[in-house]
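Please treat every number below as a calculation from the coordinates, not as lab data. Bear in mind the structure is a predicted one, so any value in this text is a computation, not a measurement. Positions of Cβ are generated from backbone atoms using ideal geometry, with glycine treated the same way; all protein chains shown enter the neighbour counts.
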DNA sequence: GAGGCAATGACAGCATGCTGACATTAGCCA
DNA sequence: TGGCTAATGTCAGCATGCTGTCATTGCCTC
């Protein structure tokens, strides 16, 4: 029945708006002691997970955000000594964003908070449900990201 | 295995951030011709769904946002003639927010865009997956909302 | 009825997203 | 090689979240 899926979907969309706000609050609380915010948490995570090195527009593509928004965050984090801009052998103007020693230290501490948080919040959730949800979310992302 | 659920969950969280941005963009595109934005879409939806009438803090509680953020939106929408503040018999200062005739007209047109959008985007998704996802999202909301 | 605590309105400041615009550089194709 | 188009840096403006603060009103309890 279309109508019931329609209602389910609209409920899901509103719930996702709500959950997004709560997750940002969680991220802010978790990273507060480290001098981070949820926005910087996302950026530092993207850089830490990249193997080859990322430029500012590259981070923006990974996070699905505008390059201008990411640029503002990275500029602030470079100012704070967490990130550094390194010459990019492949591009004269578009520098690579890297973690400083301080940035790596923070990322390591971050994981000590983040990992238990992730484990704790999935204790009572079966893997199959997580997988179904993740698959559906990825499908929706692919659908809307054109 | 904890570790695999941990990774699934962190992947899910990042994906939800991404999807949230895409959904806001969808909402903006869908409501653009109506002179709305995704933020106003949420507010008008909350009011339209309420039977008893809502105050500004009441809308904020429904949406899980700060009352100040909602107040700014409703003030602008009253300015635009979409919403109106009505006396609240139960409270001298906290007025009720209602749809004007123009607001109801817009909400009806909105549904003509929103419903096909919801149906179209769930065509290839089984109901069971939608239900599983919605249930999981609600569980996470309950977990984080204290 | 009086007092105290919670809820609300109002204003301010800030963080984080977005878009637009413009100059410069890279990269590709004729 | 020359030139066109896309990608990038940069600055600006704006929308939408948040928090903090303070005065006022509601409500509950004593």
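Side notes on the structure shown:
- Single residue of B:58, B:81, B:35, B:27 found to be farther than 26 Å from residue A:4 by Cα and in contact with a helix residue (DSSP H, G or I) (Cβ under 7 Å, 6 or more places away or on another chain): B:81
- For residue A:41, the criteria (1) within 14 Å of chain B (Cβ to nearest Cβ); (2) closer than 21 Å to residue A:28 by Cβ; (3) more than 11 Å from DNA strand C (Cβ to nearest atom) hold in every case but one, which is (3).
- Residue that is nearest to the other protein chains (Cβ to nearest Cβ) [pool: residues in segment A:9-38 that are touching a residue at least 40 places away in the same chain (Cβ under 8 Å) and within 16 Å of the chain's Cα centre (by Cα)]: A:26
- Qualifying residue in segment A:46-65 (condition: within 15 Å of DNA strand C (Cβ to nearest atom), within 27 Å of residue B:132 (Cβ to Cβ) and within 14 Å of another protein chain (Cβ to nearest Cβ)): yes
- The residue list B:141, B:119 contains one member that is within 10 Å of chain A (Cβ to nearest Cβ), within 16 Å of DNA strand D (Cβ to nearest atom), surrounded by fewer than 19 Cβ atoms within 10 Å (Cβ to Cβ) and in a helix (DSSP H, G or I), which is B:141.
- Top-ranked residue of segment B:74-98 - restricted to ones that are more than 25 Å from residue B:37 (Cβ to Cβ) and in a loop (DSSP other than H, G, I, E, B), ranked as nearest to DNA strand D (Cβ to nearest atom): B:90
- Residue within segment B:48-71 that is within 12 Å of DNA strand D (Cβ to nearest atom), outside any strand (DSSP E or B), free of Cβ contacts under 8 Å to residues at least 12 places away in the same chain and farther than 22 Å from residue A:19 by Cβ present: no
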